[in-house]
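The values are calculated or read from the model by the stated rules, or taken from the named source; none is laboratory data. Computed from a predicted structure; not experimentally measured. Don't worry about glycine lacking a Cβ; one is built from the backbone with ideal geometry, like all the others, and counts go over all protein chains shown. Ligands, DNA and RNA are excluded from the accessible area calculation, which covers all protein heavy atoms including side chains. Shrake-Rupley method; radii C 1.70, N 1.55, O 1.52, S 1.80 Å.
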2 protein chains.
Amino acid sequence: MKKIFSIILVLALSLLHAQSVKSPSNALEVNFKLVNNGQPSYTVNYNGKPVIVESTLGIKLKDKTALDANFEVQSSKADTFNESWKPVLGQKASIVNHYNELTIALVQKATNVKMNIVFKVYDEGVAFRYEFPKQEKLNYFIISDEETHFNLTEDYKAFWIPGDFDTNEYPYNETKLSEIDNAKLDKNTGIGMTTDLGKSRVQAPLMMKSPSGLYVNIFEAAVVNYPVMHLDVDVTNYKLTSHLVPNAIGDKAYLQAACVSPWRTIMISKDARDIVGSQMILNLNEPCKLDDVSYIKPMKYVGIWWEMHVGISTWDYAGSQNAQNLSSQDLIPTGKHGATTANTKKYIDFAAKNGFDGVLVEGWNVGWEDWAGNWKEEVFDFTTPYPDFNLAEVTAYAKEKNVKMIMHHETSGSVANYERHLDRAFDLMKKYDYPAVKTGYVGKIIPRGEFHDGQTMVNHFNFVARRAADYKLMLNSHESSRPTGYSRTYPNYIDAEAARGNEFNAWSVGNAPSHETILPFTRLLGGPMDYTPGIFEIKMSYYDKNKKEQVHTTLAKQLALYVTMYSPLQMAADLPESYEKHMDAFQFIKDVALDWDDTKILEAEPGDYLTIARKTKGKETWFLGAITDENARKSEIALDFLTKGQKYKAIIYEDAKDADWKKNPMAYKIRTVEVTNKSKLNLVLAPGGGTAVSFEPIK
Amino acid sequence: MKKIFSIILVLALSLLHAQSVKSPSNALEVNFKLVNNGQPSYTVNYNGKPVIVESTLGIKLKDKTALDANFEVQSSKADTFNESWKPVLGQKASIVNHYNELTIALVQKATNVKMNIVFKVYDEGVAFRYEFPKQEKLNYFIISDEETHFNLTEDYKAFWIPGDFDTNEYPYNETKLSEIDNAKLDKNTGIGMTTDLGKSRVQAPLMMKSPSGLYVNIFEAAVVNYPVMHLDVDVTNYKLTSHLVPNAIGDKAYLQAACVSPWRTIMISKDARDIVGSQMILNLNEPCKLDDVSYIKPMKYVGIWWEMHVGISTWDYAGSQNAQNLSSQDLIPTGKHGATTANTKKYIDFAAKNGFDGVLVEGWNVGWEDWAGNWKEEVFDFTTPYPDFNLAEVTAYAKEKNVKMIMHHETSGSVANYERHLDRAFDLMKKYDYPAVKTGYVGKIIPRGEFHDGQTMVNHFNFVARRAADYKLMLNSHESSRPTGYSRTYPNYIDAEAARGNEFNAWSVGNAPSHETILPFTRLLGGPMDYTPGIFEIKMSYYDKNKKEQVHTTLAKQLALYVTMYSPLQMAADLPESYEKHMDAFQFIKDVALDWDDTKILEAEPGDYLTIARKTKGKETWFLGAITDENARKSEIALDFLTKGQKYKAIIYEDAKDADWKKNPMAYKIRTVEVTNKSKLNLVLAPGGGTAVSFEPIK
């Protein structure tokens, strides 16, 4: 009898604590409930219709009772929050952070362990996380698995890449959830290494579209001291489950209470523009922790980089000799080394002449003769230049020309070695006045057994950002785990690659024409991407007539990417001589801004097209970028975002009539028109094409 | 027919290449032979009798053909080598390196991989290693196992500790090989953590004695970029097999040709003194690689350390609060913190007054509130002192008193974190004029999954030594893998613990009276040990009457250890007030030298007794130490090592008549006699006792 009474009491309490929270607009609604044997669960409705049906939540612990059942609700608390904040650099001068919050305080009966689940509901999406308050019964713990479910109800179309623990540089697949199958993946995509992919494990952000046209995006925010979350897809029932990236011995995360998980995010909208334009991931991160942000500045740069990709020069100085085992005097130069003092001066001259901020030089330091693919621990020391690269001379020349140098630190995955040298490397940068570093992580990670996306590496990438901040340096990481908004907290972490960049077009099957229409719905949600646009010499046959590779866009689309791919650090990636042949088109790259007062998503459909207009930070100029996939596209854009009553000179860089990404990619035309905010602009995009527009107020 | 001919040819070639090499004295003989299917093997004879019978050699590779069979001998080469070299600090001013060498160049038929096996035969032992020359068919490779065998023929008595991958701080077991059984080990020895021990895996050096009285010691030298070798014992057949310590994912070593394995050593003698006195391990290491050794100096030191072990004070400042998560201002002091500025000054005063070189301070830096046992990554930053420890004030005071400070870096096993902070930590040391650092590695290693004895950690310990050399700092590591002679190459790696030190006597079952008679046959072969002798207040009941723990020696034996335990860095580990009660005995510690022109092993029996005399570097003074195990001992020592014709004042610090390590450990007497090199000295050692003697020339 007593037992039955207890059960009834627990049931009553559970019902009492069934909790819900809505978005400020009321369109989204989250319901929390303890189900089965005290198991946390939630649902998400959009305009009253279920998008996420009952999905359980839980954490498995190593050597401890799992935190996935036997919970009671201790208390629940609703709250609302509406503020705005100013990013150091960003797509808008001021970002609104408006959400309703629901905190469910849980206690596990048997263990007395406390765990909170906190929901934040924005107009464009839901976020929730696990929180572990400081408590007697839980101090140190090891997460062996997170069992967060996202139970969908339909067979969505998904834009997905496989759940590789070591790289996010795959081309996107566009299939139904039911068709996801890593075994069927094309192996010939230029990915140098791969971990076991599982049958249907995919990476987040996972962008989806329902048969009825609802856009849903599942991602995460504020991945700090935690591994990256991939998603296991149940291809029959459309249920997604979190899959945390393990460490060398199979553990997922080492935590100490008080602590929190990253936010799990579900963006939902009938309008795809809400997702591309969302600042939700940034909003879910901690505010800026830096006192001094004066050194954090946007940079437009050129560099010794694409010439290696196209095969004109090499990173290494001495071919396949082992630089690490030889003293640099003993190396025999091949004559193909790109990072020479003389060549660097050429790029500095070009940067200075065209008003660029910086020059990147890759291959400046000893080690490239035997750098990748062998899991080698001590490759680079990050401080020893090749004999033909004179740091002092380069710095002096750059200073004279008012150009800043960007340092390059390729680690070849040997993070242990990089961390040992980091202070020395940053000291060198300060000595030679380099304000920014591009890091690289090609290859299997050392400490051996760790993955690029595990907790160890997430912590490493964030650590490098914090240490760079100690030196007032900006960081741009390549081959890192994809960002989840840490640049709000450490805005000196100015940029990252962490997706398939333009470089793949130089030496692999490349990036499909749809590629750049997907990235803003996925990778870019967590922060800017150093995509390295601006390739004018589209076909690699220009360099070697036997080469079939090419950039999968028109030249005009390369220009448009400077607007559609948000980044405060933008490369003009092609060679100076490529630009010198098209100075009229290059003018757009010279003009385009990097930091913005405002951003308008005008048109958006993942995998198909994207049109964005942005207003320059602190100025009245606007820039517009429009891109399409493999299909030609026409559209009429109302310029109502422009300032009322102001006349603008619009310079339109567009595909020529017969342009085509494959057959005739370099055909563009440039025209100038006068417009106001009442004007309409007719965009005509070639297959794989784009349009870039600059709007200069007429005084 | 052709096949048979081939077989005969191969057989003939094999026989032709059966190779042997003898020690300079001819007592030791090594025979190399390809056996079975081209498998390398060797035997070792001592005075014509087999000690190691046919034992095969081989290396297993990951994802590659094993290098353990199908070899042919390409060539063999004999050589002889006789030189002497001067250690920066050492047991002798000049060390003779005299051996005969045999190099067997092998090629594996199927793979065309080349591997050399090189033997060096000294008068006191055999060494051999695997060498991988630069070659086309072997560049990068991963060792999955080394299968080096040491096939003995008898059931030796062995002095062994279990093959723990994470600690070498076990008490010694003294059993026959046939009786080795880790399952029967006493669990209550004060070891805080342990890895899977296997059934009969033991650590090297493994000191043994045959039934007929032959001493055999199996160890290794020059463990550089390779894991530690433990030994699997076949308790039925007396066969030992190398067991390399794995990394997080089970691999043993990552190598790139050209490269070599460590030397595997087999010392053999009828006289135990040959083994204690051997410099063979140092000889097998590379010569000194430092240009500047001027800063490498012996140090006698006191420190804030033993008072924590006996419970008077604590390393932490604020009890069990989490220093890492609290700013140091928020910590609430317990009042028991040892490393205060005031207490440090007391030790500096004591050091200065008694002519000591240095003062160690442990617990000076923030983090000790939550430091060990939780596999926590970020515990210490190695640069932030507690609020009650003023670095500048301490440095100024020490300078005024002409005393050097010894820095302490406890890592709690988080090597990743230590390496990130190493430059900063060493910068701080230079800023505050600390010439030496004591490191600590208590707890499970981070990168997680790595072991203290794996390749990663071997590389770490050596890396810290090299980086310390960059700053002209001396290194003394605790809880490291045991040294194998790297201090010859980097003599700033002045000392290490890496065995069960005196500290265990303060809070555990302690160290048996035989302990210090074994260490010189094992641990000390690879380099000096920071054993921290000099405990005068023998019984812990002095500090707390409920305590049963005690040092397992007499006071006089503590003095003798300064001679029997070679170390150029010697602590007087007890509290100043303990010494102030026995200033007459303390005089020996004040007088004893740390660096030596010569060393004479006068008597030695592992597990029973040891008597050593040493001549001070550059002076005519001598010091003698004699120790015994739990048994009382008398012996007559001829002082013929003293300079002929010179009279000496000998001050003899010995056990009092009724002294006994257990019942009456602090009873000692001091007498002075005049002696010459014709004198004999009667030593009378109590159970667990010892005698220390200083010889001062009379002018």
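Say whether the condition of being over 20 Å from B:Arg467 (Cβ atoms), among the aromatic types (Phe, Trp, Tyr), within 14 Å of chain A (Cβ to nearest Cβ) and not in a helix (DSSP H, G or I) is met by at least one residue in the stretch B:367-385. Yes - at least one qualifying residue is present in the stretch B:367-385. Just to verify a result, which residue in the stretch B:480-514, among those that are crowded, with 24+ Cβ neighbours inside 10 Å and acidic (Asp, Glu), is farthest from B:Met540 (Cα to Cα)? Selected residue: B:Asp495.
The set of residues from the stretch B:327-354 being open to solvent by less than 50 Å² (accessible area, probe 1.4 Å) and not small (Gly, Ala, Ser) comprises B:Leu331, B:His337, B:Thr340, B:Thr341, B:Asn343, B:Thr344, B:Tyr347, B:Ile348, B:Phe350, B:Asn354. Within the stretch B:194-204, the set of residues being under 20 Å from the mean Cα position of the chain (by Cα) and surrounded by fewer than 24 Cβ atoms within 10 Å (Cβ to Cβ) comprises B:Thr194, B:Arg201. For the stretch A:33-48, the criterion of being within 30 Å of A:Asp291 (Cα to Cα), in a strand (DSSP E or B) and out of contact with any Ser or Thr (no Cβ under 8 Å at 6 or more places or on another chain) is met by no residue. Scanning the stretch A:355-389 for residues that are open to solvent by less than 10 Å² (accessible area, probe 1.4 Å) and of a type in the set (S, T, N, Q) yields one hit, A:Asn365.
Just one of the listed residues (B:Glu503, B:Glu549) is over 14 Å from the mean Cα position of the chain (by Cα) and under 27 Å from B:Lys404 (Cβ atoms), and it is B:Glu503. Identification of strands (runs of 3 or more DSSP E) wholly contained in the stretch A:558-644 with 2 or more residues that are touching a residue at least 60 places away in the same chain (Cβ under 8 Å) and hydroxyl-bearing (Ser, Thr, Tyr) yields A:609-616. Of all residues in the stretch B:685-699, those satisfying the criterion of being touching a residue at least 40 places away in the same chain (Cβ under 8 Å) and surrounded by fewer than 19 Cβ atoms within 10 Å (Cβ to Cβ) are B:Glu696, B:Pro697, B:Ile698. Looking at the stretch A:462-488, which of the residues that are among the hydroxyl-bearing types (Ser, Thr, Tyr) and outside any loop (DSSP other than H, G, I, E, B) is farthest from the other protein chains (Cβ to nearest Cβ)? The extreme case among them is A:Ser487. Out of curiosity, is B:Val107 within 15 Å of B:Trp263 (Cβ to Cβ), open to solvent by less than 30 Å² (accessible area, probe 1.4 Å) and either touching a Phe, Trp or Tyr at 6+ places or on another chain (Cβ under 8 Å) or without any contact (Cβ under 8 Å) to a residue 12 or more places away in the chain (or both)? No; evaluated as a whole, the condition is false for this residue. Residues in the stretch A:436-461 that are within 11 Å of another protein chain (Cβ to nearest Cβ), in a loop (DSSP other than H, G, I, E, B) and buried (at least 24 other Cβ atoms within 10 Å of the Cβ): A:Ile445, A:Pro447, A:Glu450, A:Gly454. Could you tell me whether the stretch A:248-261 includes any residue that is open to solvent by less than 40 Å² (accessible area, probe 1.4 Å), away from chain B (no Cβ under 14 Å) and either modelled with pLDDT under 95 or within 22 Å of the chain's Cα centre (by Cα) (or both)? Among the residues of the stretch A:248-261, at least one is open to solvent by less than 40 Å² (accessible area, probe 1.4 Å), away from chain B (no Cβ under 14 Å) and either modelled with pLDDT under 95 or within 22 Å of the chain's Cα centre (by Cα) (or both), which makes the answer yes.
Being open to solvent by 10 Å² or more (accessible area, probe 1.4 Å) and either more than 28 Å from A:Ala351 (Cα to Cα) or not hydroxyl-bearing (Ser, Thr, Tyr) (or both) holds for only one residue in A:Tyr668, A:Tyr609, and it is A:Tyr609.
Checking the structure you have, find out if any residue of the stretch B:306-326 is open to solvent by 10 Å² or more (accessible area, probe 1.4 Å), more than 14 Å from every other protein chain (Cβ to nearest Cβ), modelled with pLDDT of 95 or more and out of contact with any Gly (no Cβ under 9 Å at 6 or more places or on another chain). Yes: the stretch B:306-326 contains one or more residues that are open to solvent by 10 Å² or more (accessible area, probe 1.4 Å), more than 14 Å from every other protein chain (Cβ to nearest Cβ), modelled with pLDDT of 95 or more and out of contact with any Gly (no Cβ under 9 Å at 6 or more places or on another chain).
For the condition open to solvent by less than 10 Å² (accessible area, probe 1.4 Å), within 14 Å of chain A (Cβ to nearest Cβ) and over 20 Å from B:Met571 (Cα atoms), B:Ala416 does not qualify.
Determine if the stretch B:489-510 includes at least one residue that is within 14 Å of chain A (Cβ to nearest Cβ) and either among the β-branched types (Val, Ile, Thr) or assigned to a helix (DSSP H, G or I) (or both). No: zero hits. Whenever a residue of the stretch B:111-132 is in a strand (DSSP E or B), its partners that are open to solvent by 10 Å² or more (accessible area, probe 1.4 Å) and among the small types (Gly, Ala, Ser), lying with C-beta atoms within less than 6 angstrom and at least six residues away or across chains, give the pairs B:Asn116/B:Ala105.
Among the residues of the stretch B:422-435, the ones that are assigned to a helix (DSSP H, G or I), open to solvent by 10 Å² or more (accessible area, probe 1.4 Å), more than 9 Å from chain A (Cβ to nearest Cβ) and in contact with a Ser or Thr (Cβ under 8 Å, 6 or more places away or on another chain) come to 1 in all.
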